[in-house]
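This report concerns only the one structure given below.
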Amino acid sequence: PLPSPRGGGRKKEDLMYTKLCRTLARACMWLGILGLVAVICAVSWQVFGRYVLNNTPTWAESLALLLVLYVTMLGVAVGVRDAGHIGLESFLVLAPDWLRLKMEYLIHALILIFGAAMAWNCAELAGSVWDYRLPTLWISEGWKYVPATVSGVLIVLFSIEHLIALAQGREVEPAWG
C-alpha cells in the first residue's frame, strides 16, 4: 500500500534533507553570532579611534554596515526555516483543517517564490556592480548583495523542507530544538 500524503512513511532522502537544512540553519546562526561580535569590535574600534586616538578609522563604519547585512540576511533565512517570520496563524487556527492545510501550502510556496526572486535579482545586482570598489574597504561593491543572494537560496531550500514536511503531516523542528 502507498503511504498517505499526510503522515505517511518518511524516506531516507527526506531525513537527510531535513538534517542538511538544520545543519545549514545552525551554521547560519553561528555565523550570525560571529558577525555580531565582529560588528561590536568594529564599532568599538571606531569609537576608540575617534575619542582616544583622535583619528577615526573610516573603514570601521563601512565594515560594520556590511557585517550587519550579513547577520540580518542569515537571520532572515533561519527565521523562515524556524517559522519565526510574521504570520497570521491566529486566523489559520480558526479555519477548518482542509483550508488551513491549503493555506499553509500557499504560504510556503509564496515564500519559496520570494526567496528565488530575491536570490536571482540580488545575484544580478551583485554582478552588475562587481567591478566597482567600496573605497574604504577596497573590496567589490558586489559583496553588499551577496548576503541577500545567499539568503534567498537558503529561503528556497527551507521552504522546500516545509512543503515536504506538510506533505508528510509533520512540522519542521527548529534548528536549536
Charge dipole (debye, nearest 20) of the chain; +1 at Cβ of Lys and Arg, -1 at Cβ of Asp and Glu: 340
Sites ARG100 and ASP14, calculated FRET efficiency, Cβ-Cβ separation with R0 30 Å, nearest 0.05: 0.85
Value of [θ]222 nm, deg cm²/dmol, for the chain, DSSP H segments ≥ 4, -39500 (n - 2.57) each, nearest 500: -25000 deg cm²/dmol
Aspartates and glutamates whose Cα lies under 17 Å from that of LYS102, excluding same-chain neighbours fewer than 8 positions away: GLU89, GLU161, GLU171
Contour excess over end-to-end distance, with Cα ends at ALA38 and ASN54 and 0.36 nm allotted per residue: 3.6 nm
Which label in (1) 13.0; (2) 11.1; (3) 12.3 gives the computed mean projected area of the Cα convex hull in nm²: (1)
Mean Cβ count within 10 Å, highest first, over the residues of peptides 117-126, 92-101: 117-126, 92-101
Contact order normalised by residue count of the chain, Cα under 8 Å, 6+ apart, percent: 31
Protection proxy ranking, peptides 74-81, 109-116, average beta carbon neighbours within 10 Å, highest first: 74-81, 109-116
Rounded if a/c under 1.5, otherwise prolate or oblate - region 98-158, Cα gyration tensor axes: prolate
Positive-pole candidate from MET16, CYS41, CYS122, dipole of the chain, charges at beta carbon: MET16
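Throughout, read-outs are computed from the coordinates displayed, never taken from laboratory work. Since the model is a prediction, treat every value here as computed from it, not as a measurement. With ideal geometry, Cβ positions are generated from the backbone for all residues, glycine too; neighbour counts draw on all protein chains shown.
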